[in-house]
Amino acid sequence: MRTAREAAPLATAPAALAVRDITVRFAGLTALDGVSFTVEAGSVHAVIGPNGAGKSTCFNVLSGVYRAAAGSVRLGTAELTGLAPHRIAALGVARTFQNLALPPHATVADSLLLGRHRLTRAGFLASGLRLPSAAREARRHLERVREIAEFIGLEKELERPAGALPYGQQKLVELGRALCMEPQVLLLDEPVAGMTADERQRTAAVVAGVRDSLGISIVLVEHDMGVVMRLADAVTVLDFGRRIAGGTPAEVQNDPAVVQAYLGAPE
Ligand SMILES: Nc1ncnc2c1ncn2[C@@H]1O[C@H](COP(=O)(O)OP(=O)(O)OP(=O)(O)O)[C@@H](O)[C@H]1O
């Protein structure tokens, strides 16, 4: 059987995600102020900054939950600015959530299958009538679910209720569900928050594999600096809604403005 590593070339040429001059205001407070950065295709791009810097707001603009007052977001030539979350997902930008958002009693297999929903072609009627075309399609989706379960290391848990797994594995199911959408870009909101050291390590390895083996770009909002510094190819640093620095992890680590922002607002 093919593994997910072999089976997941991107259907379309990978594209950069260009974030340009994004401004978001909440009743007088400017949460993001003309923020720009580019997530290069096939890279891990971390967005960091002290509490209240605007990271979640940025994440919510990229996934379509918040509408920016100004600026644009483009994936290659596709304009994402102002689109609803499901349309952004359909254009190849999948996300995970900071808090678990899995149906509590569904098995791991069914949770992953949820991610295949937008790729399902057989209509309600064809499925209801059990037409061979619908059965073939269902088999294809199940095969892909198995490959992705293998990729995230949960192939043995497919028939278990996702809610019964340890927290770290549940988070991996969420990540797997997003991968099942065959995205070009994966938005990860604090993927290792609340995890044990082992779980963090395992999740970081899976995220690196998503980039290295599947060629998917990743936008990572994460407080764990160890994970950011190990995984990220590029880092954008926000403070009070402004982009104060950007570059490689080593570059931003030594940037006086970044040091000042973190020292001025200790966690
Ligand atoms: N829905 C909202 N309504 C009003 N103000 C908001 C809203 N969301 C965020 N803010 C404000 O916008 C600013 C940026 O918040 P945001 O949550 O994006 O920061 P963050 O960098 O993600 O912080 P943290 O690290 O604490 O999660 C903060 O001052 C916050 O209080």
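Every number in this text was worked out from the coordinates using simple rules, so none of it is lab data. Computed from a prediction, not measured in an experiment: that's the story for all the values here. Here Cβ is always computed from backbone atoms with ideal geometry, including for glycine, and neighbour counts include all displayed protein chains.
For the reader, a short list of remarks on this structure follows.
- Fully extended contour minus Cα-Cα distance, from GLU79 to LEU263, at 0.36 nm per residue: 62.5 nm
- Calculated FRET value between ASP198 and ALA70, using beta carbons and R₀ = 45 Å, to 0.05: 0.55
- Residue (of ILE216, GLN201, LEU158) at the positive-pole extreme of the range 4-264, dipole from beta-carbon charges: LEU158
- Alpha-carbon Debye profile of the chain, log10 I(q)/I(0) at 0.08, 0.13, 0.17 Å⁻¹: -0.33, -0.85, -1.36
- Within the shell of other residues whose beta carbon sits under 13 angstrom from the beta carbon of GLY34, the net charge comes to +2, with Lys and Arg scored +1 and Asp and Glu -1.
- For the pair ARG160 and THR38, label points projected 7 Å from Cα toward Cβ lie 4.4 nm apart.
- Evaluated with a Cβ-only charge set (Lys, Arg +1; Asp, Glu -1), the range 4-264 carries a dipole of roughly 840 debye about its Cα centre, given to the nearest 20.
- Net charge, ARG242 excluded, C-beta distance under 15 Å - Lys, Arg +1, Asp, Glu -1: 0
- Under a Gaussian network description of the chain, with springs only between Cα atoms under 10 Å, the residue in ARG20, ARG200, ARG136 that fluctuates furthest is ARG136.
- Under conditions of 25 °C and 0.890 mPa s, the range 135-267 yields 149 µm² s⁻¹ as its translational diffusion coefficient, taking Rh as the Kirkwood radius over Cα pairs in the Stokes-Einstein equation.
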